[in-house]
Amino acid sequence: MLNLSLWVLLFPLLGFLILGLVGRMMSRAVILTVAWGACGLAFLFATMSFFSMLGTTPASARTVDQVVYTWVNSGSLHITFGQLFDPLSATMLMVVTGVGLLIHIYSAGYMEHDPGFWRFFSFLNFFIFAMVLLVTADNFLFLLVGWALVGLASFLLIGFWYQRQAAVAAAQKALVINVIGDFGLLLAIFLIFNSFGSLNYHDVFGMLGSATAGSATITAICLLLFVACAAKSAQLPLYMWLPDAMEGPTPVSALIHAATMVTAGVYLVARTSPLFEQAPIALNTVAAIGGATALFAATIALFQFDIKRVLAYSTISQLGYMFMSEGVHNYSGGIFHLTTHAYFKALLFLGAGAVIHALSDEQDIRQMGGLRSRLPITFWTFLIAALAISGIPPFAGFWSKDEILSSLLVQATNTGNLWFYILWGTGLLTAALTAFYMFRLLLGIFMGDYRGSEYIHEAPPVMTVPLIVLAVLSVVGGFVGSFGLIGLARWQPLANFLAPLFATVHAPEVSLGWEWTSTALSIGLAVLGILSAWVLYRKGFAYKENRNPLYQLVLHKYYVDEALSLFIVQPVLALGRAATRWLEGGVLDGGSRNLALLLHGTSALLRRLQTGYVRNYALAILLGAVLIIVYYAVRG
Amino acid sequence: MPLSAYLIMSAILFSIGVVGVLIRRSPLVIFMSIELMLNAVNLSFVAFSKFLDTADGQMFVFLVLTVAAAEVVVGLAIIVSIFRTRRTIDVDEMNALRG
């Protein structure tokens, strides 16, 4: 089997280095050649490896662990830099480099007038590199390296417009919350090394058995891993950074929300599924947090005015779906939703970017409306994405969301556990809310009369072509996944492709009857959501002041940011100020100042000896000489 | 004459020199006092040389004379240059190093 994953890793790194070092002196055409070339070659090599893997049988031969070099070989600690190329990382590579490439192309139009053109593309390449490193690492240590580099890349790109206070604050917030996750991952890695004596995936998973199942250590490891996932994939309670990440340029939002970054958490849970399978408590936590996040974020998205913010909360909500799926043993369903979500969410963000670009940086839905005829390409692609995310067949989102909801119901009926029924209900409710807020957004932007005053211009082809490609993918992307509805196992290519990885998973028995029930309900609720949005906003978006406390609560995002500021940020700042005054001003500065004063006083006394009179010195020399002579005379 | 007579003479001369260095304000007199101290030492060298019947002490005397001559040259040059800049050679006026 052809394994070119190392090349997939190297090209974006090369692009980053070239652009970072000499990009400043390059013309735009050269910058684009390097950036597009790096990402395009990465995509090309990923595709070649992917198809080569598809042609490889049996499925067991599809996993290749290529050790590039040994980094540490000390005592019992063996750390190698290796590249694991298997169906999961192949799928992730396709998504990361493919969607990443489309965003690279789109950015050329969106960032055209930005003075930091070269810097932007070097960061984009760096982001792709970090993400590729994350998904191809064959051990936990290099996973952590990729994990942290992805966090760094997001910091650089969110704070790309570093002259803006809000962007810098958002970048810092993202980094701080990500570091909380990195810390969880680090602790998990310590525990893994302590219990298994190795960090390689293959070795660790190989040591699992009935003896380790359900042990407290495994549960702790999984919970710590999930802390990392929650921070990276913006789950409760560590989701706050993602909405603020909107301060970055819109293509960055698309990259963070679709291809890279937030998918890392979903990937990690799937990658460490053998561990999670042994820790039912942790797995239930994953499902519960996923469900809570999905509903929580969807309610916030209902009443936001900033179009990017609506999309941000919708991403958080959709990520909740992926974790719900993984929480009920359906890992391939999570990865499936990850890929379809990458298509339509990238499309939504790039479409929103086209709208923002057309209206000269206007992001408030209250200033839009009636853009349907003026931005036709953007409108139609946006409509496809909205239908896809709402779960209307046959668009991509339907298949993956339906797969997740079905597996939730199947899990509920199999275990008879009330909580899984609640989780399934949460998923259905979220689906209805999703359809509602997406169509509120769509109708608000494109229907009714134009409420703003800016001059409107459709995006250049370099921006519309990626939109069209993504729209096609949002239509057909779902067909790789789920035909489980008609009970044909061989028509679930993605699940079968990923199956060897999840061999240890205790998948619940599938019942076609329940699946159809779930599907019918989810389609019905999605249509209901769309219809209510249509009734309310078909004539365009009209903003009315609403004093309802519940509405105010949701509009202000449950006052989470305010509460955080009050209970965490302000106390820490107060502590810092107190430390500045007392510790630094009093103890450190005061200490050195007092030392200086002491030396000054002593020298003021000693200085009197220096009279400047030659005869005094001569007398001192004489006395010294006499004393020495007396000393030797007395000592004998 | 016994050795002690030379040594006492040398000590007296040395003490006169020391007192001269310590109490006089004119650099020229201080120089002369230093010369007096050096020559007091020379006297004891010569006395010991005779008493011990070796030439070592006399060799040292030549060395001391040479060094003293060089020292006087440098010292006088310094005094001349000080006089040119400050129009006085009173050593008590030269207290720029006072702390």
Expressed in nanometres to one decimal, the distance between label points 7 Å along Cα→Cβ at A:Ala596 and A:Val168 is 2.9
The residues A:Val30, A:Val204, sorted from fewest to most surrounding Cβ atoms within 10 Å, come out as A:Val30, A:Val204
Counting other chain Cβ atoms within 10 Å of each Cβ in A:611-622 and taking the mean gives 5
Taking only the alpha-carbon atoms of the stretch B:3-93, the convex hull volume per residue, in cubic angstrom, is 60
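R0 = 45 Å: FRET efficiency of A:Leu553 with A:Leu44, Cβ-based, nearest 0.05? All intermediate terms of the calculation are to be shown ahead of the outcome.
Numbers: r = 50 Å, r/R0 = 1.10.
Plugging the Cβ-Cβ distance into 1/(1 + (r/R0)^6) gives 0.35.
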Of all lysine pairs in the protein assembly as shown that are eight or more residues apart or on different chains, those with Cα atoms under 15 Å apart total 4
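Using a Förster distance of 22 Å, how high is the FRET efficiency between B:Ala5 and A:Ala633, based on the Cβ-Cβ distance and rounded to 0.05?
Details: r = 22 Å, r/R0 = 0.98.
Taking R0 as 22 Å, the efficiency between B:Ala5 and A:Ala633 is 0.50.
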Taking a crude spin-label model, label points 7 Å out from Cα along the C-beta direction, the A:Asn194 to A:Leu619 distance in nm is 7.4
From fewest to most C-beta neighbours within 10 Å, the residues B:Ser49, B:Ser33, A:Ser511 line up as A:Ser511, B:Ser49, B:Ser33
Under Stokes-Einstein, the protein assembly as shown at 4 °C and 1.567 mPa s, with its Kirkwood radius over C-alpha pairs, diffuses with a coefficient in µm²/s of 42
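Quick one: putting +1 on the C-beta of Lys and Arg, -1 on the C-beta of Asp and Glu, what dipole do you get for the protein assembly as shown around its Cα centre, in Debye to the nearest 20?
Values: 37 positive and 34 negative charges, 352 e Å.
The dipole magnitude comes to about 1680 debye.
Please list, by residue number, every one of the trypsin sites (Lys or Arg not before Pro) in the stretch A:531-629 that is coil in DSSP and has at most 13 other beta-carbon atoms within 10 Å. Present the calculation step by step, with values, prior to reporting the outcome.
Values: sites: A:Arg538, A:Lys539, A:Lys544, A:Arg547, A:Lys557, A:Arg577, A:Arg581, A:Arg593, A:Arg607, A:Arg608, A:Arg615; in loops: A:Arg538, A:Lys539, A:Lys544, A:Arg547.
Passing both the DSSP loop test and the Cβ count: A:Arg538, A:Lys539, A:Lys544, A:Arg547.
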B:Thr88 and A:Ser52 label points (each 7 Å along its Cα→Cβ direction) are spaced in nm at 9.7
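Where in chain A are the helices, taken as whole DSSP H runs, whose Cα atoms extend 15 angstrom or more along the long axis and whose Kyte-Doolittle mean reaches at least 1.6? Don't jump to the answer; show the numbers that get you there.
On the way: long enough: A:5-22 (26 Å, 2.49); A:28-54 (38 Å, 1.68); A:87-110 (34 Å, 1.36); A:117-136 (29 Å, 1.86); A:140-158 (27 Å, 2.58); A:165-196 (46 Å, 1.57); A:216-232 (24 Å, 2.12); A:280-301 (31 Å, 1.57); A:307-327 (30 Å, 0.35); A:331-358 (39 Å, 0.92); A:376-390 (21 Å, 1.83); A:396-415 (29 Å, 0.17); A:418-446 (42 Å, 1.58); A:461-476 (22 Å, 2.51); A:512-537 (37 Å, 1.27); A:590-606 (24 Å, 0.69); A:614-635 (32 Å, 1.63).
Qualifying helices: A:5-22, A:28-54, A:117-136, A:140-158, A:216-232, A:376-390, A:461-476, A:614-635.
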Projected onto the charge dipole of the stretch A:299-399 (unit charges on the beta-carbon of Lys, Arg, Asp and Glu, signs +1, +1, -1, -1), the Cα from A:Tyr321, A:Val355, A:Tyr343 with the largest positive-side position is that of A:Val355
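Round to the nearest 0.05 the FRET efficiency obtained for A:Phe305 and A:Val176 when R0 = 35 Å and r is the Cβ-Cβ distance.
Values: r = 26 Å, r/R0 = 0.76.
The pair A:Phe305/A:Val176 has a calculated efficiency of 0.85.
Please return the longest range in chain A lying between exposed loop sites, taking GluC sites (Glu not before Pro), DSSP loop only, at most 11 other beta-carbon atoms within 10 Å, and leaving the sites out. Don't skip to the end; give the middle numbers.
Working: sites that count: A:Glu509, A:Glu545.
It works out to A:1-508.
Just so you know, all these numbers are worked out from the coordinates, no wet-lab data involved. This is a predicted model, so every value here is computed, not measured. Positions of Cβ are generated from backbone atoms using ideal geometry, with glycine treated the same way; all protein chains shown enter the neighbour counts.
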